[in-house]
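Enquirer: Sending over a structure as structure tokens; questions will come in a sec.
Just so it is clear, none of the values below were taken in a lab; they were calculated from the coordinates. Computed from a predicted model, the values in this text were never measured in an experiment. Virtual Cβ from ideal backbone geometry, glycine too; neighbours counted across all protein chains shown.
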Amino acid sequence: MLSRLIIRNYALIEDLDISFSNKLNILTGETGAGKSIILGALSLILGQRTESKYFYNQQKKCIIEGIFNISGYNLVHFFEDNDLDYEEETVLRREISADGKSRSFINDTPVNLTVLRSLGELLIDIHSQHAILEINDEQFQLLVVDSLAANKTLLENYQENFRAYKKTVSRLKQLEEESSQAKTDMDYYQFQFNELEQASLVAGEQESLELEMTALSHAEEIKRNLMSAVYLLNDNEQAAVTQLKESLLQLQHIEKFLPAAKDLAGRLESSLIEIKDIASELEGLEQKTQIDEGRTTEIGDRLNIIYTLQKKHRVTTIQELTAIRESLSDKLYSISFAEDELEKLKAEKQRLKAELIMLSDTLSASRNEVIPAIEERIKAMLTEVGMPNAVLRIENVLLDEDQLNQHGRNKVQFLFSANKGQEPAPMNKVASGGELSRLMLSIKSLISRHIALPTIIFDEIDTGISGEVALKVGRIMQKLSEEMQVIAITHLPQIASKGENHYYVYKDEKQEITHTNISLLSRDDRVIEIAKMLSGENPGEFAIQHARQLLEAETPEG
């Protein structure tokens, strides 16, 4: 409910601070006093766009603030979804600077107009003769039927299954698209995999082959140099081995004269043995080194396969090629496995759809069962508000199985006729603003005990009625306010007398500037105001007595 509305610097309003009752709040005042201005200011915190020309003082910014008690509205998920702090006493604030720039806040957190408007629609329901669009909305019409049919649990169960069904349909569609693309790619993947598989790649193979290829490519040079080294160490007349032998012999001759020569001779002998071994190994390497053109061609062909694959897949190692082969294997397996998953999903889709059809049939039957009672009760209420010949017919068409939606598979349509002999038709084609207003009042009154409705504002929807009908409309508003907060702007004393709080909107002049003000009327002030509404600016004793009777009959003493 709207517990408090603060308006600063808007149109003819300099500064207003209004606290509302949680029941029926009445706003009255002369035409042009500013009742619609207050409603316009309220619409700003409900997300409506504005212009700076509506400012009371063009040098200051406009601030509109609404304080709402939202404890019974089940709005926690809205705040979570929009990353907002949830407070049972929630504040909506709008600030508009003189240059037209606007800022919006929910509980001091900046939000855009879309979020502000979305929350506002959940908190305030404004009805006027020119703003009765909701009653023509198919979802609202279904809400009316479902609330009176007590379908809440059944509908929640259906919608939970519908979400699962839509999720399965979406996953199936995605998988079918992926499968179709995969089948297109399958031949290509298979070719690539076969190519890598047939290559029989072995870890470390490339490095080993490259080393062998290097050796084969330089076999002639290697053999020549090895032969030369052996010749210099062992075969030449001045070979190193011959020279070392001679040097060893010379040292051995003087060992008995020079003890130090013995150690040096031993070392020289060890070197001679090592040189002989080296020469022997060099000779062995030289004999093993062969110029093998066949092996060179074989290795070249193998490396060419490896290099071609690496270039094709833009990698540089056999390990990377192996990883690509495994990845292709996984893709081929997935394509094969996807067919099984597709079949499972198709079966699940059919199972969920069958369950949805069953639940939707149950919903449809429940709706059909309650429709006659709704039509009868609405007709009775319309008679009370001065429309004795009005008829509301509710059509409930069962759609095809392929037209399942989040509400079931019913197309509900309200058809209305206000006059005897007139065939019911869609409301936007046959009903006037006043007739729609009274119809909406009847409907909202009927469903208010079944669902948590937001604050509802009736903006002069009583045009065209008077007398006993006005009294009945007032009583319906009063009864409606037992379930929800109602704010009514009215010119009818019969309706004004039903309010728990009565506010008087008036123009005031201060320093030759006209501004709108509002005051909460006392019991005595209400008598005078209602008397004026009955008979004019200077009410007589009869009007005052009548006003007193209206208040005493419908409101508690206080």
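Enquirer: Report the antiparallel proportion of the DSSP beta bridges in the chain as a percent, rounded to a multiple of 5.
Expert: About 75 percent, rounded to the nearest 5.
Enquirer: Moving on. Which angle from 0 to 90°, rounded to the nearest 10, does the C-alpha axis of helix 152-199 make with the longest principal axis of the chain?
Expert: Taking the Cα atoms of the chain, the angle to 152-199 is about 20 degrees.
Enquirer: Right, something else. For the pair residue 222 and residue 479, how long in nm is the line joining their label points, each one 7 Å along Cα→Cβ?
Expert: Each label point lies 7 Å from its Cα, and together they span 10.9 nm.
Enquirer: How far is it, in nm, from the label point at residue 375 to the one at residue 329 when both lie 7 Å from their Cα along the line to the Cβ?
Expert: My value for the distance between the label points is 7.1 nm.
Enquirer: What does the helix-only formula give at 222 nm for the chain: each DSSP H stretch with n ≥ 4 adding -39500 (n - 2.57), the total divided by the residues, and the result rounded to the nearest 500 deg cm²/dmol?
Expert: Calculated mean residue ellipticity at 222 nm is -18500 deg cm²/dmol.
Enquirer: Still on this structure, please answer the following. Going by average Cβ neighbours within 10 Å, how do the peptides 491-499, 213-221 rank, with the highest at the top?
Expert: Per-residue Cβ counts within 10 Å, averaged per peptide and sorted highest first, yield 491-499, 213-221.
Enquirer: Sticking with this one: Could you tell me the extents of segment 44-157's C-alpha atoms along the three principal axes, largest first, rounded to whole Å?
Expert: 56, 35, 19
Enquirer: Separate question: Between helix 523-535 and the chain, what is the angle of the helix's C-alpha long axis to the longest principal axis, kept within 0 to 90° and rounded to the nearest 10?
Expert: Taking Cα atoms only, the helix is inclined about 70 degrees.
Enquirer: Please go through the residue pairs 101/167; 183/411; 223/312; 256/276 and name each one whose alpha carbons sit more than 31 Å apart in this structure.
Expert: Pairs exceeding 31 Å: 101/167; 183/411; 223/312.
Enquirer: Output the pairs from 420/444; 152/346; 166/349; 166/353 with a Cα-Cα distance over 20 Å in this structure; if there are none, say none.
Expert: Violating the 20 Å limit, Cα to Cα: 420/444; 152/346.
Enquirer: How fast does segment 182-334 diffuse by Stokes-Einstein, in µm²/s, taking the Kirkwood radius from C-alpha pairs at 37 °C and 0.692 mPa s?
Expert: 161
Enquirer: How large is ³J(HN,Hα), in whole Hz, for each residue of segment 266-271 in order, when computed from phi with the Karplus curve 6.51 cos²θ - 1.76 cosθ + 1.60 and θ = phi - 60°, using x for Gly and Pro?
Expert: With coefficients 6.51, -1.76 and 1.60, one gets x, 5, 5, 5, 4, 5 Hz.
Enquirer: Quick one: work out Rg over Rh on the C-alpha atoms of segment 443-558, Rh as Kirkwood radius.
Expert: Checking Rg against Rh, the ratio lands at 1.01.
Enquirer: Return the subset of 245/288; 23/472; 23/507 for which the Cα-Cα distance in this structure is over 19 Å, preserving the input order.
Expert: Pairs exceeding the cut-off: 245/288; 23/507.
Enquirer: What ratio of Cα Rg to 2.2 N^0.38 Å holds for the chain?
Expert: 1.97
Enquirer: Continuing with the same structure: What's the Cα-based Rg to Rh of segment 371-477, Rh via Kirkwood?
Expert: 1.01
Enquirer: Between 426, 547, 218, whose Cα lies farthest towards the positive end of the dipole of the chain when Lys and Arg beta carbons carry +1 and Asp and Glu beta carbons carry -1, centred on the Cα centre?
Expert: 547
Enquirer: With charges only on Cβ, +1 for K and R and -1 for D and E, what is the dipole size of segment 182-334 about its Cα centre, in debye, rounded to 20?
Expert: Around 260 debye, computed over segment 182-334.
Enquirer: What share of all Cα pairs of segment 353-426, in percent, falls into each consecutive 10 Å distance bin?
Expert: 19, 40, 25, 14, 2
Enquirer: Under a 5 Å amide H to amide H cut-off, with H placed in plane at 1.01 Å, what residues pair with residue 24 once short-range neighbours are removed?
Expert: Residues meeting the criterion, in which the H sits 1.01 Å from N, are 486, 500, 501.
Enquirer: Work out the charge dipole of the chain with +1 on the Cβ of Lys and Arg and -1 on the Cβ of Asp and Glu about the Cα centre, then indicate which of 306, 264, 21 is farthest towards its positive end.
Expert: 21
Enquirer: Specify the angular offset, from 0 to 90 degrees and rounded to the nearest 10, of the alpha carbon long axis of helix 240-253 from the longest principal axis of the alpha carbons in the chain.
Expert: Tilt relative to the chain: about 60 degrees.
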